[in-house]
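Here the structure comes first, spelled out in structure tokens, and everything after it is commentary.
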Amino acid sequence: MRRVGNSPKVHRMASPQQSARRPARRSPVIVTSMIAIVAAAGLSFLGARAAADFIEANAAQDLRAALADYDWVQVTTDGLQVQLEGIAPDEVQRFRARARAETVVDAGRVIDRMQVAASAELATPAFGIELLRNDQSISIIGLVPSDLDRNSMVERLKRQTGAAQVSDLMESADYPVPDGWKDAFSFGLSAAQLAKRAKVSISAGEVSIRAITDNPREKLELEKALNRAKPAGITLTADITAPRPVIAPFTLRFVKDATGARFDACAADTETARDRILEAGQAAGVPAEAQCTLGLGAPSPRWADAAVPAIRAVEALGAGSVTISDTDVALFAPAEVETAMFDDAAGRLEALLPPAFTLVAQHQNASEAEAGPAEFSAVVDPGGVSLRGRITDERMRDAVESLARARFGQVDSTLRSDASVPEGWTLRAIAALEALDGLERGEAKVTRDLVRISGVSGNQTASDLAAARLAQRLGAGARYELAIRYDRRKDPLLGLPSGIECVDRLNAVMQQSEIGFEPNKSVIAGDPGPTLSGLAETMAQCSEFRIEIGGHTDSQGSEGFNAELSRARAQAVLAAMTEAGIDTTNMTAKGYGESQPIADNDTDAGREANRRIEFLLLADDPVMVEAPAPAELVKGVTDSAEVVAARTQAAALHAATAVIGPALGVPTDPEAAMYAATEPLRVLLSGIDLSRVASRPVQEAVLPELPALRAATLPVASLLPEGAEVVGPVEAATRPAEAALVGAAINAATIPARDALHVNRPLPRPESPSTP
């Protein structure tokens, strides 16, 4: 029977065979487990190795791309570590390479095995200084030997230049002094004394100077002085400039004929333009030594763009000339030039000319070649006159040159004799020269059909005078063109002073009422009002000139103190003039100390004379604020001599009678009366001393043959009202007008012409002067 539930267990004894079979069953499991573990470990190792290789390859690739600018760096990887090797040019490059690598991988993974190239031995520094000098001070910068006595050098510069301040900004070094340093240094200091506004660069054996002078003459003197002072073995490089002159009209004339190519006149507005023009001229056959003047007054900033193609046009023709006067371009070709070639050259030139330039092209045909020369030209400037072209024969050439010498002084003539010139050619040349008389600068060009006069004059009626002279010499029917520009600075009726006269007047004011200073100070003592009023009156007409206010002292005190005191006093005068409303734009102040005495410093009177303020003219020409406006072109045909004489006589009659109308009750237009009282002085009596005209009887001022004499002596009884005192012709002609006339007639007849005329507007001209 089976027990179920809590029946007692029956323990069995295991047999030996059963015990032997149990271990044999577990061996396969253990082997399998070991194999699985080994396989997993192998796979893990291989995966880790592959991952490390992937990271290492990517890191090396990224680093090489990042360090592409550092070609001296060698990148190697070892697992996660990155090694940087190579030789850096310097420590900065090494640091930058490592910093660039650390932007790609962690800084802890970067192993820096880079080295820095050994530094080259430091070279000995080169000694050199620069002196910058202006009207008030000097600054010195650079490196000098340590044994240089810098204080002595500063005192020397103050003493020699009169500079109020010398700034020492140099550094010193204890190195051997190179050969040529001492001579160059000494010469450089002397150059700084000679050049008032300059930059002086000094190095061993070499001195370079860039300076500005007030005028070409001073530039030439400075160049000569520097060459004289230059020691042997020292290289001098000088770049010295001067203000450019005003050229009016702005002219270029290029000629190519049997004698070769040349510039009869050459002006340029910039150095670049000058170089382009000369290069074009030399390409056309002009000698290399040809010159081209730099000046102001070019009608267009594209002057060279007109000049260069004009020169090339003549070169293409092989013979001919081109003249550029302001914006007028005249191309001429002789008869031997083929018509097709001329038309092609003229067309190309016209297409290349900049805006505002106009071309007149003339091709001389065979009949014209037989009839006479292309032109006669005369160019007038303050230095004289230049004559070019052809003339009838040797005798006529001598006559023309003699007339030019009498009118203008110095004559530069290359006139050539040609018996085939047209009839009356010499007369036309003489008429052109007479028309030029009275112009400050000008050019006359005579062709078979035209006389052209251009230039600058101080006479508002210069065009009228030129036309009248042409008519008187050539008669009726002569065509002319006039382009004469009025310059008020050159007008004698305005009485504007020259630069020298301005300085003389300013110094005269200072002598009459001197500005004083407190002892050893730059403070103005007393009331400078009267002196400033006199200076203001003079500067009202002189502000356009560059003028220096120079301060001077006696010899008491040190040189440095006196130089500074004189500069401060000159500056005080300049400040006082400015505060008084005087235009001091073009004025500068400078102190000369005791360097320029005018009296003996051993006496009280001499020392007092040496303590002074003086005005000095820095440039003869006034400052050009803007280029002058071009002249107005006037075209016309001369009248006959009879018509001109009749018009002159009528004007003279009107001048002698219309002026007394307001005083004697005769109806007269006031403007016509003022015109009548003043215009004859300008037109009819040209060349007469105006001070005599304004203060002496007409009979003593004019020439006997002028109609004005007849007009002045005509009886005036017919104009007087009944009961008025009758004045006879002799008395009217010989007594001053103020003794014979009253009221407005006195003012109209006797005030100076320059006070009666309005120079900024045309004078009133009656339509038809009435006959008394």
Ranked Thr584, Thr553, Thr358, Thr578, criterion: other C-beta atoms within 10 Å, fewest first: Thr358, Thr578, Thr584, Thr553
The stretch 251-488 - share of DSSP beta bridges that are antiparallel (%, nearest 5): 60 percent
Positive minus negative residues near Val116 (Lys, Arg vs Asp, Glu; Cβ under 10 Å): -1
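Counting only other residues whose beta carbon sits under 12 Å from that of Phe357, what net charge do I get with K and R as +1, D and E as -1?
Values: positive: Arg302; negative: Asp305, Asp326, Asp328, Glu350.
Around Phe357, the charge tally is -3.
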Residues with amide H under 5 Å from that of Asn459, placed H, sequence gap 5 or more: Asp487
Using θ = phi - 60° and Karplus 6.51 cos²θ - 1.76 cosθ + 1.60, couplings along the stretch 153-162 (whole Hz; Gly, Pro as x): 5, 4, 5, 5, 5, 4, 5, 7, 9, x
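Based only on other Cβ atoms within 10 Å, what is the fewest-to-most ordering of Met396, Met170?
In increasing order of surrounding Cβ atoms, one gets Met170, Met396.
Only loop residues by DSSP count here, and only those with at most 13 other Cβ atoms within 10 Å; note down the GluC sites (Glu not before Pro) in the stretch 72-160 that meet that. Please report the intermediate quantities before stating the final value.
Numbers: sites: Glu85, Glu91, Glu102, Glu121, Glu130, Glu155; in loops: Glu102, Glu121.
Sites meeting the loop and neighbour criteria: Glu121.
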Full-stretch length increase - Arg489, Arg405 - with 0.36 nm per residue and alpha-carbon distance subtracted: 27.7 nm
Vicinal HN-Hα couplings computed from phi for the stretch 169-175 (Karplus, 6.51 cos²θ - 1.76 cosθ + 1.60; Hz; Gly/Pro x): 10, 8, 10, 10, 9, 8, 10
Ranking of Ser566, Ser167 by count of other Cβ atoms within 10 Å, fewest first: Ser167, Ser566
Under 5 Å, built H, 5+ apart or other chain: amide partners of Arg441: Val456
Whole-Hz couplings from phi, Karplus 6.51/-1.76/1.60, listed for the stretch 316-324; x for Gly and Pro: 5, 6, x, 7, x, 8, 9, 10, 10
Rg [Å, one decimal], Dmax [Å, integer] - the stretch 32-116, C-alpha atoms: 17.6, 63
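Which percent, nearest 5, of DSSP beta bridges in the stretch 415-570 are antiparallel?
Given both bridge residues lie in the stretch 415-570, the antiparallel proportion sits at roughly 55 percent.
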Dipole in debye (nearest 20) - the stretch 251-488, about Cα centre, beta carbon charges: Lys, Arg +1; Asp, Glu -1: 480 debye
Sum of side-chain charges, Ala563 neighbourhood, beta-carbon under 12 Å (Lys, Arg +1; Asp, Glu -1): +1
Inter-label distance, nm, simple model (7 Å from Cα along the C-beta direction), Asp398/Glu518: 7.7 nm
Efficiency of FRET from Cβ geometry, Glu608 and Asp275, R₀ 41 Å, rounded to 0.05: 0.15
Aspartates and glutamates whose Cα lies under 17 Å from that of Lys230, excluding same-chain neighbours fewer than 8 positions away: Asp179, Asp183, Glu206, Glu221, Asp239
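Nothing charged except the Cβ atoms of Lys and Arg (+1) and of Asp and Glu (-1): what's the magnitude of the dipole of the stretch 32-116 about its Cα centre? Round to the nearest 20 debye. Could you put the intermediate results ahead of the total?
On the way: 8 positive and 12 negative charges, 34 e Å.
So the magnitude is around 160 debye.
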For Trp72, distant residues with modelled amide H under 5 Å away: none
DSSP bridge pairs, the stretch 292-393: antiparallel proportion in percent, nearest 5: 65 percent
Hydrodynamic radius of the stretch 251-488 per Kirkwood, over alpha carbon pairs, in Å: 18.3 Å
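List the equivalent ellipsoid semi-axes of the stretch 214-359 in whole Å, largest first, each obtained as the square root of 5λ for an eigenvalue λ of the Cα gyration tensor.
Details: eigenvalues 244, 62, 26 Å².
So the equivalent ellipsoid measures 35, 18, 11 Å along its semi-axes.
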Simple Cβ-charge dipole of the stretch 499-617, Lys/Arg +1 and Asp/Glu -1, about Cα centre, in debye nearest 20: 240 debye
Interatomic Cα distance distribution for the stretch 128-241, bins of 5 angstrom, percent: 2, 12, 24, 25, 21, 11, 4, 1, 0
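For a quick check of your reading of the filter: which trypsin sites (Lys or Arg not before Pro) in the stretch 279-353 sit in a DSSP loop and have no more than 16 other Cβ atoms within 10 Å? Show your work: numbers first, answer last.
Details: sites: Arg302, Arg312, Arg348; in loops: Arg302.
Hits after loop and neighbour filter: Arg302.
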Euclidean distance of C-alpha centroids, the stretch 563-626 and the stretch 137-187, integer Å: 29 Å
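A short reminder: the numbers here are calculations on the coordinates, not readings from a lab. In this text, all values refer to a predicted model and were calculated from it rather than measured experimentally. For neighbour counting, all protein chains shown are included, and Cβ atoms are generated from backbone atoms with ideal geometry for every residue, glycine included.
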